[in-house]
Amino acid sequence: MTFRQLAYHNVFRNRRSYAAFFLASVVSVMVFFVYSMFIFHPLFEEDGLQVLAVRGMFIAEVVLYIFTLFFLFYSMSAFLQARSKEFGILMHLGMTKKQLNKLIFFETMILGSVSTVAGIAFGFAFSKFFFMIGREIMELESLPLYVSWQPFALTIGAFASLFIIISVISVAFIRTKGILDLLQGYWKVDEITNASRWLSFLGFLLLAISYVLASIVTDQTVYTMVLIIPPLATLGTYLFFTHSVHSLLNLYKRRKGIYWHKTRLVSLAEASVKLKDSAQMFFIVTIVSTVAFLTVGTLASFMSYTGDYRESNPLGLVYISFDGNGKEVEHVEALTAELEEKELAYDLVPLIVKRQTSTFTGNDVDIIRMSEFNRLAASLGFEPAYPDRGEALFIPYSKESLKELGKSQVQTELMESGVELSIDQVYPHILFPVHTINFNSIVVNDLDYAAIDEPLQGYADGESTFTYYAFDIPSWEETVAIGADLTAQIDKAVEKEDFSGLNFFFENPGEDYRWFKSSFAILLFIGVMVAAVFLLAAGSFIYFKLYTGLERDRKQYLLLVRLGMTEKELGKIVNRQLIPQFFLPWIVALLHSTFAFISLQVVWDEFAELSILGEMVLVLAGFTIAQVLYFYLIRWRYIAHLQAS
């Protein structure tokens with residue numbers, strides 16, 4: 001039998017043990033290949049949204065490659081450690097270390113080749129499905145399936161190099177062990193799990209400080225805390241698993257009335273040993289799971305922002321003409337022509353806005369006539385406003401202003417025209433996109449509006465009055481590229497920071513909404529697939545650790561059966577050993593994510609006044625359900641392995 005045949009038979013014989021490793025490898029290759037198919041798609045043009053998609057997927061591929069390298073190295077090392085007795089026998093029979101390394105190299109390359117081929121096959125088979133999702137997200141007319149050598153070459157080259165690196169590195173630990181060490185097997189763990197009292201306390205302290213800091217983050221401190229909290233939480237997590245958990249178990253063991261009770265003594269003693277040996281693995285699983293939670297949760301909160309953006313920007317197009325704009329009629333007619341060319345229904349409501357100085361604040365105030373305001377409100381499906389003469393209503397520009405203005409009561413006089421107003425109400429809906437009207441804007445009775453006959457102080461007649469063209473467009477997202485020339489002029493003025501020759505303002509909230517929505521959907525699509533690989537790998541870490549100690553567990557299982565333990569008692573012992581290994585890292589990751597989301601809420605409050613509680617609960621609940629299902633699957637396989645002895 002040649003080395004290649006021996007390697008093939010070893011892999012084939014251990015195919016069940018390699019199942020989790022193989023599955024995770026195939027999923028990683030599949031995701032990588034799908035991203036490559038997007039990156040090299042011939043129809044992708046230099047459009048901002050498509051550039052974002054390509055760059056996002058390229059970054060995801062780099063992250064995926066680095067993580068897969070680490071994951072495969074860890075999992076391969078775990079399998080090789082579990083087979084240490086087998087390697088010891090081979091070396092005892094005369095195999096040299098060089099030959100052993102060669103054998104392991106062949107085995108790894110066989111696994112890698114099969115995983116790469118299977119991953120590419122599945123990736124290409126499902127590429128059409130992912131292209132359909134991408135087409136809908138980016139709102140492209142078509143995104144057909146194509147065949148090109150580039151995605152295949154990139155994926156094969158990337159993972160061939162990855163498995164070669166793993167093949168070379170993963171055998172390093174064997175070189176440091178003699179035949180006797182290999183024959184004794186992997187499991188040589190002290191039954192007494194000592195832990196440093198001070199390091200245990202430090203682990204709890206660092207986690208507590210991290211959680212407290214995350215809970216009291218403010219707008220002013222959020223960016224500083226981003227640099228402080230993650231290192232504290234990471235170090236605290238490591239000390240928690242390496243020392244704090246074992247200090248708690250040692251305290252529990254001292255209570256003999258509880259600890260020395262039926263199967264509890266056996267199960268907790270064994271769990272204590274495994275927790276000690278698996279401390280670093282628990283740390284890795286916790287960090288990987290936390291990253292996956294935060295990635296999907298953050299991107300899901302972006303999707304909620306699109307709904308909030310729509311509510312805060314109800315108009316499809318906004319055109320504002322200032323004094324001296326000779327192209328006002330031309331621009332408005334061009335916009336309406338573009339809408340009619342695209343067969344988009346619209347309602348155009350022009351509003352003549354006057355500007356005055358409030359004696360209450362000394363600031364400028366934009367004033368809108370009640371009849372014009374109500375026409376726009378009716379077009380948007382909102383109730384009208386009916387201020388009496390001498391009264392006015394605040395016009396909100398955001399959700400936060402809606403709450404604040406509702407608490408305000410103002411008695412003021414419009415300085416230039418001498419009109420006295422009482423303002424103690426706010427209109428209950430947002431009609432105008434933020435930044436398109438003054439933060440101090442009101443709607444007044446038509447008679448009061450007519451009485452405002454003087455321009456703003458320091459301006460000539462007509463210079464402080466402007467026309468606000470509000471376009472209500474039901475098919476809000478179909479306004480893409482409408483007014484592109486006007487947008488280009490605005491962007492050019494912003495870039496040069498020179499608005500001297502610009503007598504108008506134009507904004508296309510519908511196109512902005514489409515860009516926000518599609519961009520966040522693309523990022524969520526990318527993040528979910530990467531997070532799926534992360535979570536699959538996190539669960540596989542635990543499976544690999546169980547597998548490395550399977551031979552030892554089988555011996556203990558047989559011993560307990562001979563001692564007369566029932567199936568029910570053995571089931572309790574298995575559960576008490578497996579539950580901490582699966583759910584202790586998970587619970588810590590959930591805590592990390594919860595407090596991280598609390599800090600993220602502060603960021604959203606600053607930018608969009610958006611609550612992400614729903615997204616947080618949905619993401620964490622979904623991942624928890626997946627973990628419970630994965631636990632029962634692994635428990636079933638673990639018990640089957642034990643009983644196979």
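Data overview
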| item | result |
| --- | --- |
| Selection from region 1-55 of residues that are under 30 Å from residue 480 (Cα atoms) and modelled with pLDDT under 75 | 43, 44, 45, 46, 47, 48, 49, 50, 51, 52, 53 |
| Contacts under 8 angstrom Cβ, first residue in region 486-503 being closer than 16 Å to residue 319 by Cα and assigned by TED's automatic domain parsing to the domain that holds residue 321, partner among the polar types (S, T, N, Q) and assigned to a helix (DSSP H, G or I), 6 or more apart | 502/489 |
| Count - residues of region 375-394 that are closer than 20 Å to residue 435 by Cβ and in a strand (DSSP E or B) | 1 |
| Criterion: assigned by TED's automatic domain parsing to the domain that holds residue 430 and more than 43 Å from the chain's Cα centre (by Cα) - qualifying residue of 375, 369 | 369 |
| Filter pass, residue 468 being modelled with pLDDT under 90 and buried (at least 21 other Cβ atoms within 10 Å of the Cβ) | no |
| Filter result (among the β-branched types (Val, Ile, Thr) and in a loop (DSSP other than H, G, I, E, B)) within region 397-453 | 430, 434, 436, 437, 452 |
| Candidate set: region 359-372, residues that are surrounded by fewer than 19 Cβ atoms within 10 Å (Cβ to Cβ) and in contact (Cβ under 8 Å) with a residue 24 or more places away in the chain; chosen: the one nearest to residue 389 (Cα to Cα) | 371 |
| Looking only at region 300-352, and only at residues there that are of a type in the set (Asp, Glu) and within 38 Å of the chain's Cα centre (by Cα), the one that is farthest from residue 441 (Cα to Cα) | 343 |
| Selection count where residues are of a type outside the set (S, T, N, Q) and over 25 Å from residue 582 (Cβ atoms), scope region 220-244 | 9 |
| Residue in region 406-426 that is under 11 Å from residue 443 (Cβ atoms), more than 34 Å from the chain's Cα centre (by Cα) and among the acidic types (Asp, Glu) present | no |
| Residue count, region 378-402 (criterion: in contact (Cβ under 8 Å) with a residue 24 or more places away in the chain and under 28 Å from residue 418 (Cα atoms)) | 14 |
| Condition check for residue 352: outside any helix (DSSP H, G or I), at pLDDT 90 or above and under 17 Å from residue 318 (Cα atoms) | yes |
| In region 110-130, the residues that are free of Cβ contacts under 8 Å to residues at least 60 places away in the same chain and either farther than 22 Å from residue 13 by Cα or of a type outside the set (Val, Ile, Thr) (or both) | 113, 121, 125, 128, 129 |
| Which listed residue is in a helix (DSSP H, G or I) and over 20 Å from residue 438 (Cα atoms), from 372, 330, 343 | 330 |
| Qualifying positions in region 205-226 - β-branched (Val, Ile, Thr) and in a helix (DSSP H, G or I) | 209, 212, 222, 224, 226 |
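The values are calculated or read from the model by the stated rules, or taken from the named source; none is laboratory data. Since we're looking at a predicted model, the values are computed, not measured. Reconstructed Cβ throughout: ideal geometry from the backbone, glycine too, with neighbour counts over all protein chains shown.
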